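Written below as structure tokens is the structure these notes are about.
The values are calculated or read from the model by the stated rules, or taken from the named source; none is laboratory data. Quick caveat, the model's predicted, so the values are computed rather than measured. Here Cβ is always computed from backbone atoms with ideal geometry, including for glycine, and neighbour counts include all displayed protein chains. Heavy atoms of the whole protein, side chains included, go into the accessibility calculation; ligands, DNA and RNA do not. Shrake-Rupley method; radii C 1.70, N 1.55, O 1.52, S 1.80 Å.
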Amino acid sequence: MANRVSSAGRSSLKITPKISSDVSQGINKMSIFCFDLTMAVIAHREGRAPDFLVHDSHIFDGVDDRQLTRALEIAVDVTAAEGMQYIVTINEDDLAKARNLGFNPAPYLIEPLLTDAYEGGGLFGFRFER
């Protein structure tokens, strides 16, 4: 059974989603994933948010392979249906886990283009020396 704990601050509202069986870090991460996706969709429908949701690789730390795979599938389905984009930086080993369970990331991958090897190139304005 899911519930939440909320408290009002002077300038913010703190909402902590809780799942009764949240004995693992992975379940906690997936409840955050679901909460974020839900809030992004609601806000986007109301014209109060951008048309994308961004997570970094930490959202999948400690997450079971099946949960990771299902989260990526849900993100693809929901954001496509809502006219949104899901952007995630993900470690290659985590992506391999999802691939092994049938998720095909090929249509969604954007390879990073690092131009630091060229004169005038760099990454986020920085040049890396060899």
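If I filter segment 73-104 down to residues being touching a helix residue (DSSP H, G or I) at 6+ places or on another chain (Cβ under 6 Å) and over 16 Å from H55 (Cα atoms), which single residue comes out as most open to solvent (accessible area, probe 1.4 Å)?
Step by step, filter segment 73-104, then rank; the result is L101.
Do the conditions hold for N3, that is, is it closer than 30 Å to A96 by Cα, modelled with pLDDT under 95 and of a type in the set (S, T, N, Q)?
Values: closer than 30 Å to A96 by Cα: no; modelled with pLDDT under 95: yes; of a type in the set (S, T, N, Q): yes.
So N3 fails the test.
Tell me, yes or no, whether segment 28-51 has at least one residue that is out of contact with any Gly (no Cβ under 6 Å at 6 or more places or on another chain), closer than 19 Å to A71 by Cβ, surrounded by 13 or more Cβ atoms within 10 Å (Cβ to Cβ) and at pLDDT below 70. So that I can check it myself, show each step before the final result.
Residues of segment 28-51 out of contact with any Gly (no Cβ under 6 Å at 6 or more places or on another chain): 28-51.
Now drop any that are not closer than 19 Å to A71 by Cβ, which leaves 28-42, 44.
Now drop any that are not surrounded by 13 or more Cβ atoms within 10 Å (Cβ to Cβ), which leaves 28-37, 39-41, 44.
Next cut, at pLDDT below 70 only: none.
The answer is no, given that none of the residues of segment 28-51 is out of contact with any Gly (no Cβ under 6 Å at 6 or more places or on another chain), closer than 19 Å to A71 by Cβ, surrounded by 13 or more Cβ atoms within 10 Å (Cβ to Cβ) and at pLDDT below 70.
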